[in-house]
1. With the checklist (1) at pLDDT below 85; (2) exposed (fewer than 13 other Cβ atoms within 10 Å of the Cβ) in hand, flag the one item V94 doesn't pass.
2. Residues of the stretch 25-59 being aromatic (F, W, Y), at pLDDT 85 or above and in contact with a Ser or Thr (Cβ under 8 Å, 6 or more places away or on another chain), which ones?
3. Against the condition out of contact with any strand residue (DSSP E or B) (no Cβ under 9 Å at 6 or more places or on another chain), over 25 Å from N52 (Cβ atoms), surrounded by fewer than 17 Cβ atoms within 10 Å (Cβ to Cβ) and modelled with pLDDT under 85, how does G218 come out, does it pass?
Amino acid sequence: MTVILNMLFGGFISGLIVLADDMLKGLWDVVFNISAVISNRWFSTFISGLSNTFYTVAVLLLIIKFLKKMFDIYVLWSDGDPDAEPVQLVINFVKAMVTAVCFPYIWDIFVQVGKEILDKSIDSLNTSGSLVEQWGEANWTSLGIIPTIFSLIFIICVIIMYFQFIKRGLELTLMIIGVPLACIGLLDNDHGIFRPYCNQFSKILISSIFQVIVAKLGLSLALSTNIWDGSGMSLIFGIGCMALSLSMSLLLQEFMIPRTNSGGPMSKIYSVTMMSNLIKNFAR
């Protein structure tokens with residue numbers, strides 16, 4: 001019965017492993033170049049039109065907020081320090097405008113740097129290609145049912161991770177579109193919501209690098225030669241790496257965003273601060 005099951009699932013799983021390797025190779029583009037992955041002219045046109053709309057609205061709101069702050073401070077004397085030099089407010093206005101225009105290009109540079117770091121980090125794991133070929137050519141009837149089950153679990157983890165990256169890629173696309181609105185906060189001395197907004201970009205970049213590296217390590221462990229001894233221990237470690245990769249963003253969040261377990265006081269204070277800054281920036 002075991003031999004029959006291995007014969008039934010062997011070819012199917014070997015094909016999925018090759019697919020999993022291709023999916024892991026394309027994870028970076030799924031997050032940071034999702035338009036190229038989708039390769040749909042309608043999607044690119046939609047994103048471009050939405051970006052232009054948000055940029056136009058943000059520029060208008062930025063000008064309105066700048067004029068309102070100037071009027072409140074130097075005419076009504078109801079906001080800020082009327083003795084302060086207006087040149088600082090003008091500098092903040094120029095900074096916000098330049099950041100709104102240049103941010104996508106600056107972000108592209110950071111993405112390229114991150115891609116170089118990722119490529120150099122996984123150079124030692126580039127043997128996974130030959131291992132995938134070995135996996136596809138192997139005699140699955142000699143493996144046993146336990147490695148077969150572990151293989152299915154590993155593939156499921158890869159698929160879950162791929163969908164997580166798709167979600168992150170869409171979120172990142174929308175965040176880049178919303179950068180001009182976040183730049184309105186640069187008119188304030190505390191930079192409003194712009195600082196936590198940029199912190200989110202940093203978290204996405206760093207967590208994506210670590211997740212892809214750990215996932216590739218898991219694939220290399222899963223396809224290591226000792227899988228053929230029938231114990232499936234290498235697959236267990238591969239699944240462990242995939243589990244770590246799936247939770248990497250939460251792990252890094254503990255260090256990049258002040259919070260405690262179970263949504264403690266620091267987490268609540270941070271959330272309230274972000275919400276109040278958001279409301280304040282759009283209410284002014």
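1. (1)
2. W28, F32
3. Considered against the rule, which asks whether it is out of contact with any strand residue (DSSP E or B) (no Cβ under 9 Å at 6 or more places or on another chain), over 25 Å from N52 (Cβ atoms), surrounded by fewer than 17 Cβ atoms within 10 Å (Cβ to Cβ) and modelled with pLDDT under 85, G218 comes out as no.
The values are calculated or read from the model by the stated rules, or taken from the named source; none is laboratory data. Being a predicted model, the structure only gives us computed values, none of them experimental. All Cβ positions, even for glycine, are placed from backbone atoms using ideal geometry, and neighbour counts span all protein chains on display.
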